[in-house]
Structures are given as C-alpha cells and as structure tokens.
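Enquirer: Quick one: the structure is below, and I'll ask about it shortly.
No lab work stands behind these numbers, since they all come straight from the coordinates. Keep in mind that what you see is a predicted model, and the values were worked out from it rather than measured. Methodologically, a virtual Cβ is constructed for each residue, glycine included, from the backbone with ideal geometry; neighbour enumeration extends over all protein chains shown.
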Amino acid sequence: MWSQIAEEWPRFATYYNLVFIAKAAGTTLALSALGCILGTAIGLALAVTRVTRSRWLAPLRILALIFTEVFRRVPFLVTLMLCFFAFQATGYDIPLFAVAAVSVTVIAGAFLAEIIRGGFKSVHPNQWEAAATMNFSLLDTIRLVILPQAWRIVLPPAFGYFVMFIKDTALASQIGVIELTYVGKVLNNKGFSAALSFGVILLVYFAISYPLSRLGVLLEARLASSRHRRA
Amino acid sequence: MHHLDIAGLEARYGEHTVLSGIDLTVGRADVIGLIGPSGSGKSTILRVLMGLLPPVAGMVKLDGEGVNYADATQVRRLRDRIAIVFQQYNLFQNMSVLENVCVAPVKIKKRPRKEVEEEARALLAKVGLGDKLKRYPDELSGGQQQRVAIVRALALHPEILLLDEVTAALDPELVSEVLDTIRLLAKEGMTMLIVSHEMAFIREVASRVVFMAGGKIVETGAPAQIFDAPEHARTRDFVSKILRH
Ligand SMILES: Nc1ncnc2c1ncn2[C@@H]1O[C@H](COP(=O)(O)OP(=O)(O)OP(=O)(O)O)[C@@H](O)[C@H]1O
Ligand SMILES: [Mg+2]
C-alpha cells in the first residue's frame with residue numbers, strides 16, 4: 001500500500017489538487033464552526049425560552065419544545081433534504097452551502113438546547129429562588145447565577161457533540177456541497193487509490209477535530225480548578 | 001395603618017394544603033416571632049409573602065395596598081421592599097462572600113459599586129466575617145453562611161425582613177451578636193418576621209409571638225403570654241416540651 005501511495009503521490013500533490021482539498025477543508029471547517037457557534041447561540045436561546053414562566057411566552061415555549069424534540073429525532077440527512085427541497089421550493093437560487101449551513105445550525109441548535117437545558121436543571125432550585133426574591137430578571141439570573149454554575153455540566157457533552165458533529169457535516173456532500181468527503185470521492189473517482197484519497201481526507205478531519213477536543217479538555221480543566229464549583 | 005396585613009391566606013403544594021386561614025397583622029417596626037412544630041408551615045408563610053408560592057386564597061396588603069401575586073410588576077415592587085434570609089441560606093455558589101452581598105445592589109439596583117462594597121465590608125466585618133470576603137460559600141461553615149445571608153439581605157435595605165431560622169446554625173456567642181443586630185434593626189424601625197426554634201431568642205427579641213400548628217395560627221400574643229400563660233392546650237404542650245430541652 002505504501003509503495004503505491006508513494007508512486008501516486010507526485011501526481012496527487014499537484015497545486016490544483018491541494019487547493020481543491022484546502023477549499024473543501026475550509027468548507028467543512030466553516031460548516032462545523034457555524035454549527036458549533038450559531039448552534040450554541042440558538043441552543044442557549046431555546047433553553048432560556050423553555051425556562052420562562054410568563055403566560056405570554058407559552059406559545060414560544062411550545063415552539064421551542066417542538067423544535068428541539070423534532071430536530072433531535074430526525075436523522076441529519078433527512079433535515080438536510082428537507083432544507084434542500086424547502087429552499088428549492090422558494091424558487092430562488094440559493095447556494096448549496098447556505099442550505100447545508102442552515103441544516104447544520106438547526107440540528108446543532110436542537111441538540112445543544114437539550115444539553116444546555118440539562119445544565120440549567122443541574123443547578124439547585126434554591127439558586128433560582130434567591131435570585132427571584134432579589135428581583136433578578138430571567139436573563140440576569142441565567143447570566144450571573146445559572147450559567148456560571150451550569151458550564152461544568154454542559155461542557156463535556158457539548159464538546160463531545162461538537163466532535164461528533166464535525167463528522168456529520170460529511171452528509172452535506174449528499175446534496176452536492178463540496179466539502180471534504182465530497183472531495184475524497186472526487187479524487188477517488190479521478191483514479192487515485194481509496195487509501196490515498198480518503199487517507200488524506202481522514203488526516204484533515206483529524207486536524208480539525210483534534211484541536212477542538214483539546215480545547216474542550218482544557219476548558220474543563222480550567223473550570224474544575226476555578227472557584228466556580230458547587231457545594 | 002398596618003405595615004403588613006395578611007387575611008385568610010391559604011396555600012398548597014399540589015393537593016396538599018399547607019396553610020389555611022392565616023390572619024396576621026404586622027405594624028411598622030413590629031418584630032413577629034413565628035414558632036411552631038416542624039412542618040407547621042412557618043417557612044411556607046415567608047415563601048408566600050415573597051411571591052415564591054402563589055396563594056390560592058386570601059389577601060396580603062402592604063401599607064394597606066393589596067398585592068396581586070399574579071402580577072409580575074406588583075411582585076417586583078414588593079420584592080423591592082421585602083427581603084428574606086432563607087433557612088438553607090441559598091447563597092450563590094459561584095460567587096465570593098463579597099460578591100454575594102454586592103451583586104443585587106450593584107447589578108439589579110444599579111447602585112454605585114464603590115458605595116455598596118464599602119457598606120458590604122462594614123456589615124461583614126460587623127458579623128465577624130471581615131477576613132472571609134474572598135471565600136466561596138462551600139468553604140464556609142453553616143453559621144458563617146448564615147451570617148453572609150443576613151448581610152446580603154440587609155444590603156438590599158429592605159423595609160421588611162423575613163428571617164427563617166437564622167440562629168439555628170450559630171453558636172451562642174454569635175446568637176447574641178445576631179440578636180444585637182436584630183434589636184438594632186428593630187430600633188431603626190425595620191419590620192421583621194422571625195421564624196425560630198430558639199425560644200429564648202424569640203422571647204427576647206419579639207414584640208409579638210405567633211404559634212402555628214398544622215398550617216394554622218393557633219395563638220398570638222405577647223411573648224410573656226405565649227410562653228408563660230398560653231391559652232390553648234396545643235400551645236401549652238409545644239412550649240412546655242420545647243422549654244424543657
Ligand atoms: N417544596 C415542597 N413541596 C411539597 N411540600 C412541601 C414543600 N415544602 C414544604 N412542604 C410541606 O409543607 C408543609 C410545611 O412546610 P414548611 O417548610 O413551611 O414547615 P416549617 O414550619 O418551616 O418546618 P421546619 O420547622 O421544619 O422548617 C410540610 O408538611 C412540608 O412537608
Ligand atoms: Mg422551615
């Protein structure tokens with residue numbers, strides 16, 4: 001296998017191919033980053049919506065509940081197809097990347113909402129009560145009291161999810177987004193061996209996800225040693 | 001006019017009625033001692049007053065004005081005037097002692113941080129915690145946490161202070177310390193509702209004592225009356241048992 005790869009390498013490592021791979025890596029990275037960052041923002045918004053109490057917000061609470069429950073249960077590929085055809089139905093020429101980005105954000109938002117809500121629930125109810133009696137608004141309570149205590153519960157599953165999630169962006173190739181997996185297939189079709197084509201792709205995936213897991217471990221260690229712990 | 005007027009108050013946890021027909025009037029600068037066996041509903045009264053448990057019937061009036069606990073604005077206004085020290089302290093676990101005291105005045109009431117901190121330091125020093133400002137709740141003993149909780153409530157400058165078993169975790173030396181503070185507060189015109197198992201403390205500090213059992217007020221009177229000449233058998237029974245300890 002190695003000799004074959006060595007033989008193929010000069011043909012493989014052309015400027016054109018490397019740019020092709022780099023661009024695809026950029027797309028995978030962008031999809032992952034969008035999913036993680038926007039997904040966290042949306043997840044947080046959904047989790048906060050679900051702990052509101054006011055009667056006026058009841059419809060919003062129900063929407064948030066439906067959103068999280070549905071998109072956590074539907075396979076990623078199905079959401080992707082759904083978005084794809086929904087966008088197509090609008091008649092506008094919407095870039096495939098945007099379709100993938102929206103699907104990815106929706107899915108990540110639903111999953112992270114549940115992870116963050118679990119974190120909220122891990123904080124003792126008396127912390128909410130103390131804040132309430134001192135007239136903290138809901139957002140102040142979350143920001144000043146609940147999130148600082150919930151992070152340590154939220155981080156491990158959140159980063160576990162991020163890492164899984166990077167792999168899932170590969171499904172975007174199914175609607176024709178030129179990301180890493182797509183490029184792997186193209187190179188393979190061009191006549192390069194599967195070992196080389198997908199081996200290189202594998203390394204790039206690893207290069208993206210490994211630093212993320214390290215960041216997660218680092219943050220957890222920081223939090224564990226910080227004084228933000230609970231009794 | 002009464003500072004606090006409670007009439008026909010009823011509260012439930014689910015199907016379980018924990019308070020029924022509570023009538024209680026509290027004048028300005030009154031210090032009410034709430035006593036009664038465990039589970040009689042003492043903490044629940046304070047929780048209802050704070051708007052943590054909506055009453056199912058009855059009326060609470062503040063300075064003669066009825067409070068609608070279903071109205072968030074009214075509850076907010078009420079909480080601007082009443083502060084509570086919880087039986088379990090409920091200190092913010094993610095904040096230092098100083099931050100626990102300062103967070104609401106600074107972040108919620110928008111008072112200048114410098115002024116609030118000065119006051120907080122002075123109050124904390126007064127209750128013997130001057131060297132614990134940077135500590136976190138889980139690094140403090142129960143009695144220390146209790147004192148932080150008292151200071152946190154005082155820093156809100158309430159008109160009415162609700163205290164739930166604030167001496168339970170204190171040693172005798174500190175009990176007298178807290179007692180002094182409470183007496184001083186009473187003299188400054190603060191209205192207080194104090195729940196306590198500590199009869200000597202209640203006798204000393206309360207202007208009126210309320211004895212509760214089974215979610216109802218059994219008897220109300222001056223400390224001397226409740227402790228030395230209770231009218232009801234239920235009160236007599238409780239007082240004699242607890243004084244024998
Ligand atoms: N969160 C809750 N959910 C359901 N029932 C509750 C809850 N909190 C209290 N209760 C019940 O309400 C009743 C009154 O409780 P409360 O805490 O007011 O008693 P208390 O007089 O303060 O007792 P203690 O002296 O032990 O603090 C008890 O029967 C208790 O079991
Ligand atoms: Mg109690």
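Enquirer: If the reach is capped at under 18 angstrom between alpha carbons, list the aspartates and glutamates near B:K187, excluding any in the same chain fewer than eight residues apart.
Expert: The qualifying aspartates and glutamates are B:D30, B:E159, B:E177, B:E204.
Enquirer: Let me ask you something else. For segment A:69-77, take each phi angle, set θ = phi - 60°, evaluate the Karplus expression 6.51 cos²θ - 1.76 cosθ + 1.60, and give the result in whole Hz per residue in order, putting x for glycine and proline.
Expert: These are the phi-based 3J(HN,Hα) values: 5, 5, 6, 7, 9, 7, x, 3, 4 Hz.
Enquirer: Averaging sequence separations of C-alpha pairs under 8 Å and six or more residues apart, then dividing by the length of chain A, give the relative contact order as a whole percent.
Expert: After rounding, I find 27 percent.
Enquirer: Pop out the Kirkwood hydrodynamic radius of segment B:120-197 from its pairwise C-alpha distances, inverse of mean 1/r, in Å to one decimal. Numbers along the way, then the final one.
Expert: Values: mean 1/r = 0.0779 Å⁻¹.
Computed over Cα pairs of segment B:120-197, the Kirkwood hydrodynamic radius comes out at 12.8 Å.
Enquirer: Turning to a different aspect of this structure: Contact order normalised by length for segment B:4-244, with contacts defined as Cα pairs under 8 Å and 6 or more residues apart; what percent is it?
Expert: 27 percent
Enquirer: With everything on Cα atoms, drop me the angle between helix B:142-154 and the longest principal axis of chain B, reported from 0 to 90° to the nearest 10.
Expert: Here the helix axis deviates by roughly 90 degrees.
Enquirer: Another question, if that's okay. Fewest Cβ neighbours within 10 Å first, please rank A:W9, A:W2, A:W151 accordingly.
Expert: A:W2, A:W9, A:W151
Enquirer: Give me Rg over Rh for segment B:12-126, both radii from the alpha carbons and Rh done the Kirkwood way, two decimal places.
Expert: Working: Rg = 16.7 Å, Rh = 16.7 Å.
A ratio of 1.00.
Enquirer: Test of understanding: given chain A, find the longest segment containing no trypsin sites (Lys or Arg not before Pro) that are in a DSSP loop and have at most 15 other Cβ atoms within 10 Å.
Expert: A:54-189
Enquirer: Let me ask something else. Could you work out how far the C-alpha centroid of segment A:101-124 sits from that of segment A:160-191, in angstrom?
Expert: 24 Å
Enquirer: How do A:S32, B:S196, B:S141 rank when sorted from fewest to most other Cβ atoms within 10 Å of their own Cβ?
Expert: B:S141, B:S196, A:S32
Enquirer: Whole number please: convex hull volume per residue of the Cα set in segment A:77-168, in Å³?
Expert: About 119 Å³ per residue, rounded to a whole number.
Enquirer: To continue, here is another question. Could you please report the charge total around B:V101, scoring K, R as +1 and D, E as -1 over all other residues with beta-carbon less than 10 angstrom from its beta-carbon?
Expert: Computed value for this residue: -1.
Enquirer: With each run of n ≥ 4 DSSP H residues scored as -39500 (n - 2.57), what mean residue ellipticity at 222 nm is computed for chain B after dividing by its residue count and rounding to the nearest 500 deg cm²/dmol?
Expert: It comes out at -11500 deg cm²/dmol, rounded to the nearest 500.
Enquirer: Would you pull out the residues with amide H under 5 Å of B:A57's amide H, same chain only if 5 or more places away, H placed 1.01 Å from N?
Expert: Long-range HN contacts for B:A57: B:E10.
Enquirer: Right, another one. Mind computing the radius of gyration and Dmax over the alpha-carbon atoms of the protein assembly as shown? Å is fine for both.
Expert: Cα only, the protein assembly as shown: 30.7, 105 Å (Rg, Dmax).
Enquirer: A further question follows. For segment B:183-245, which GluC sites (Glu not before Pro) are both in a DSSP coil and crowded by at most 15 other Cβ atoms within 10 Å?
Expert: Details: sites: B:E188, B:E198, B:E204, B:E219, B:E231; in loops: B:E188, B:E198, B:E231.
Hits after loop and neighbour filter: B:E188, B:E231.
Enquirer: Still on this structure, I have one more. Quick one: what are the phi-derived ³J(HN,Hα) couplings along segment A:8-14, Karplus 6.51/-1.76/1.60 with θ = phi - 60°, whole Hz, x for glycine and proline?
Expert: 6, 3, x, 5, 6, 7, 7
Enquirer: For the residues B:Y13, A:Y16, B:Y69, what sequence is obtained by ranking on other C-beta atoms within 10 Å, fewest first?
Expert: Lowest count first: A:Y16, B:Y13, B:Y69.
Enquirer: Can you bin chain A into rounded, prolate or oblate? Criterion: square roots of the alpha carbon gyration tensor eigenvalues sorted a ≥ b ≥ c, rounded for a/c under 1.5, prolate for a/b above b/c, oblate for the rest. Walk me through the numbers on the way to the answer.
Expert: Values: a/c = 3.64, a/b = 1.78, b/c = 2.04.
Verdict is oblate for chain A.
Enquirer: Hey, another quick one. Amide H of B:G36 versus every other amide H placed in the peptide plane: which residues, excluding those fewer than 5 positions away on the same chain, fall under 5 Å?
Expert: Result for B:G36 returns B:M212.
Enquirer: Now, a different point. Which entries in B:K110/B:K134; B:K61/B:K107; B:K42/B:K126; A:K121/B:K107; B:K61/B:K114 show an alpha-carbon gap greater than 30 Å?
Expert: Violating the 30 Å Cα-Cα cut-off are B:K61/B:K114.
Enquirer: Oh, and also: P(r) for chain B, please, calculated from all Cα pair distances in 5 Å bins and given in %.
Expert: 1, 6, 13, 18, 19, 17, 13, 8, 4, 1, 0
Enquirer: Cα centroids of segment B:57-98 and segment B:198-216: how far apart, whole angstrom?
Expert: 22 Å
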